[in-house]
Amino acid sequence: MAKSSKGRMPRLEDVADVAGVSHQTVSRVINNHPNVSKATREKVEAAIAELGYRRNTAARSLVTRRSQTIGVLGSELSQYGPANTLLGVEQAARDAGYFVSIAALREVSGAAIADAVSHFLDQAVDGIAVLVPHAETLQALDALNIPVPVMAVGSLGNSEVSGAMVDQRAGARLAVEHLIAQGHRRIGHVSGPAGWTDAAERAEGWREALHDAGLADDLLVEGDWSAGSGYAIGRRLAARRSATALFVGNDQMALGVLRAFAEAGVRVPDDVSVVGFDDQPESGYFSPPLTTVRQDFEELGRRCLDIMLKEIEAGAGISSTVVTPELVPRSSTAPPAAG
């Protein structure tokens, strides 16, 4: 970082001098104010780059009485969905000029959530995003008197907590309706573990789509999100041959199912069609490439921060938002074999 001609770190006024504008104009550029011309913005940005200017967040906090920090509480962050939700929220926070403080739960319990929230409040965060997609999360948050805005990511929230979620049930319906449209009538489901709201919502979407088509929902097996559990379940299902199609709760379990089917001589999609959920980057390179449901984690993070910042900066009330998922058809699904 460069120093000013006076031997100190560059200040906002130095940027204004180099750019030939007022310090108010520099402030508007730094804060992404829309009422700045493109030419002026480029001059100010060039001056910032030349001087190596950095915003004094400590001084800003004294003026605004805000720390410019969002606390993010997560669990099971090794899983694709939670990890990418965290990345989406973190990117949106950074784009909005906020820092992120992260706490990961070793176990999901009311006591653990309360301890993490207390930790964030000690840091004087401006808001808290909770990425703990379990049934008891909202109950735990309701029991706490949290003096800053709280966003429950993965749920619709309630009267005390805002919410942001991908419509898991709608995504499951997309998967199952795709299979029904291809002619399948025996469609099983490999679900995520009990207690996960995402797993419950996807299972309910599977049931709804089957019921709407007048089909049975008697083939459900619970996994744990891992490829290993999908592999073990796939071996059992390969021996039964009880369905012509499977909706699998995430792409990792689908990977295990595909491996088990291949070892057992069950051809996908000739004998059994398979649909996953998430559209992780490797899904298009599975054998065969996996039909799946895509979640837009970047959009989820952006909407989450949009609601939270309206609460922090404008005193907006509790609200919720839902992101619509998208079916990604590939080679793992096809009409059932005749006869």
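The values are calculated or read from the model by the stated rules, or taken from the named source; none is laboratory data. In this text, all values refer to a predicted model and were calculated from it rather than measured experimentally. Note that each Cβ is placed from the backbone with ideal geometry, even for glycine, and that neighbours are counted across all protein chains shown. With ligands, DNA and RNA removed, areas are computed over all heavy atoms of the protein, side chains included. Shrake-Rupley method; radii C 1.70, N 1.55, O 1.52, S 1.80 Å.
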Which angle between 0 and 90 degrees, to the nearest 10, do you get for helix 227-240 versus the longest principal axis of the chain when only C-alpha atoms count?
20
Quote to one decimal, in nm, the extra length available between Glu222 and Ala338 on full extension: 0.36 nm per residue of separation minus the C-alpha distance between them.
38.8 nm
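Any chance you could run the full-extension gain for Leu87 through Asp122? It's 0.36 nm times the residue separation minus the Cα-Cα distance, nm to one decimal.
Fully extending the segment from Leu87 to Asp122 adds 10.2 nm.
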Once amide hydrogens are built 1.01 Å from N within the peptide plane, the residues lying 5 or more places from Met151 or on another chain with amide H under 5 Å from its amide H are Ile128, Ala129, Val130
Distance histogram for region 235-339 (every C-alpha pair counted, 5 angstrom bins, percent rounded to whole numbers)
2, 12, 20, 17, 12, 8, 7, 7, 6, 4, 3, 1, 0
With a Förster radius of 35 Å, plug the Cβ-Cβ distance of Glu263 and Thr324 into 1/(1 + (r/R0)^6) and report the FRET value to the nearest 0.05.
0.45
In region 229-339, with Lys and Arg counted as +1 and Asp and Glu as -1 at Cβ, which of these residues, Leu305, Val257, Tyr285, has the Cα nearest the positive end of the dipole, that is, farthest along it?
Val257
In whole Hz, what ³J(HN,Hα) sequence does region 277-284 give by Karplus (6.51, -1.76, 1.60; θ = phi - 60°), x for Gly and Pro?
8, 2, 6, 5, x, 7, 4, x
Relative to 2.2 N^0.38 Å, what does the C-alpha radius of gyration of region 179-265 come to as a ratio? Two decimals please.
1.03
Just to confirm the number: angle between the C-alpha axis of helix 38-51 and the first principal axis of the chain, 0 to 90 degrees, nearest 10?
80
Going out from 0 in 5 Å bins, what whole percent of all Cα-Cα distances in region 12-54 drops into each bin?
5, 30, 40, 21, 4
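Determine, from the Cβ-Cβ distance of Ser242 and Glu204 and an R0 of 22 Å, the FRET efficiency 1/(1 + (r/R0)^6), rounded to the nearest 0.05.
Numbers: r = 22 Å, r/R0 = 0.98.
For R0 = 22 Å, the calculated efficiency reads 0.55.
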Taking springs between alpha-carbon atoms closer than 10 angstrom, which of Gly163, Gly301, Gly52 fluctuates most in the Gaussian network model of the chain?
Gly52
Environment charge at Val36 (Cβ cut-off 15 Å; Lys +1, Arg +1, Asp -1, Glu -1)
+2
What does the accessible area per residue of region 168-295 come to in Å², with a 1.4 Å probe and no ligands, DNA or RNA counted?
38
So between Asn158 and Ala46, what do we pick up on full extension, going 0.36 nm a residue minus the alpha carbon distance?
35.8 nm
Amide hydrogen neighbours beyond the local backbone of Glu326, cut-off 5 Å, H modeled
Arg294
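Excluding Arg235 itself, calculate the net charge of residues whose Cβ lies under 13 Å from the Cβ of Arg235, where each Lys or Arg counts +1 and each Asp or Glu counts -1.
Neighbour charge sum, excluding Arg235 itself: +3.
Antiparallel DSSP bridges in the chain: what percent, to the nearest 5?
Percent antiparallel among DSSP bridges in the chain is about 15.
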Expressed in Å to one decimal, the Kirkwood Rh of region 132-279 from all distinct alpha-carbon pairs is 16.1
Before I look further, what does region 14-155 give for accessible area per residue, probe 1.4 Å, in whole square angstrom?
51
For the chain, what does the helix formula give at 222 nm: sum of -39500 (n - 2.57) over DSSP H segments with n ≥ 4, over the residue count, nearest 500 deg cm²/dmol?
-14000 deg cm²/dmol
Whenever you get a sec, compute what percent of the accessible area on the chain sits on carbon and sulfur atoms (1.4 Å probe).
49
What nm value, rounded to one decimal, do you get for the distance between Leu215 and Arg94 when each label is placed 7 Å out toward the C-beta?
4.2
Roughly what angle does helix 197-212 make with the longest principal axis of the chain, taking Cα atoms, 0 to 90 degrees, to the nearest 10?
50
